[in-house]
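Note sheet for the following structure.
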Amino acid sequence: MKITLIRSMIGQPEKHRKVLRGMRLTKLNRTVELEDTPAIRGMVRKVFHLVKVED
């Protein structure tokens, strides 16, 4: 699955920042390709308002 950071981490709780760093999303418009696992799905669910997901 492709995940793109579309909103800034500024002003977000530290938990959300850690989740994004764990997915290697550190800059706006950065896209990463990750496996579709339950763990990744849970991470995306926590920051769904900051990212765009493409299957």
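Here, each number is a calculation from the coordinates, and none is a lab measurement. All of these numbers come straight from a predicted model, not from anything done at the bench. All Cβ positions, glycine included, derive from the backbone under ideal geometry; neighbour counts span all protein chains shown.
Return the residue satisfying two criteria in turn: it lies in region 8-23 and is of a type in the set (A, V, I, L, M, F, W, C) and surrounded by 14 or more Cβ atoms within 10 Å (Cβ to Cβ), and of such residues it is farthest from the chain's Cα centre (by Cα). Can you show your working first?
Going through region 8-23, the residues of a type in the set (A, V, I, L, M, F, W, C) turn out to be 9-10, 19-20, 23.
Going one step further and asking which of them are surrounded by 14 or more Cβ atoms within 10 Å (Cβ to Cβ), we end up with 9, 19-20, 23.
Details: 9: 10, 19: 7, 20: 5, 23: 6 Å.
Result: 9.
State whether one or more residues within region 24-43 are at negative phi, surrounded by 13 or more Cβ atoms within 10 Å (Cβ to Cβ), among the β-branched types (Val, Ile, Thr) and outside any strand (DSSP E or B).
yes
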